[in-house]
Amino acid sequence: MEDKGVREYIRVLRLLESATVGQLAGAIEQALLIGATSVDAIKLILEHRRQEPIALFCLDGHPHLKSVRVPGVDLTAYQGLTEGIR
């Protein structure tokens, strides 16, 4: 079992190939806060932090879209998916 821990540690260190020490440290801290201790979780946190927020879609130059209305979504159907979790 100790061998697996060493491999995981090395995989975490290899994330330094594409991240700074500060970025990796922050991702590790975040992973520990949420109880995610795998290298895959740390990698996902790093990738998420690199993503640019998506800007709002500007309707300038698209006047034909201003009249489009999208109906609201009924989310009550999803309640059944979470009932067994609570």
Report task. Name the residue farthest towards the positive end of the dipole of the chain from the options V12, T82, G61, assuming +1 on Cβ of Lys and Arg, -1 on Cβ of Asp and Glu, about the Cα centre. Result -> G61
Report task. Using a Förster distance of 25 angstrom, determine the FRET efficiency expected from the C-beta separation of Q30 and L59, and round it to 0.05. Result -> 0.10
Report summary line: Hull volume per residue for the chain, using the convex hull of the C-alpha atoms, in Å³ is 176 Å³
Query raised in the report: V68 versus L13, label points 7 Å from Cα toward the beta carbon: distance in nm?
Result: 5.2 nm
Report summary line: Once T76, T82 are ranked on solvent-accessible area with the largest value leading and a 1.4 Å probe, the list reads T76, T82
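The values are calculated or read from the model by the stated rules, or taken from the named source; none is laboratory data. Just so it is clear, the structure is predicted and the values come from calculations on it, not from any experiment. So basically every Cβ, Gly included, is an ideal-geometry build from the backbone, and we count neighbours across all protein chains shown. In case anyone asks, the SASA skips ligands and DNA or RNA and just uses the protein heavy atoms, side chains included. Shrake-Rupley method; radii C 1.70, N 1.55, O 1.52, S 1.80 Å.
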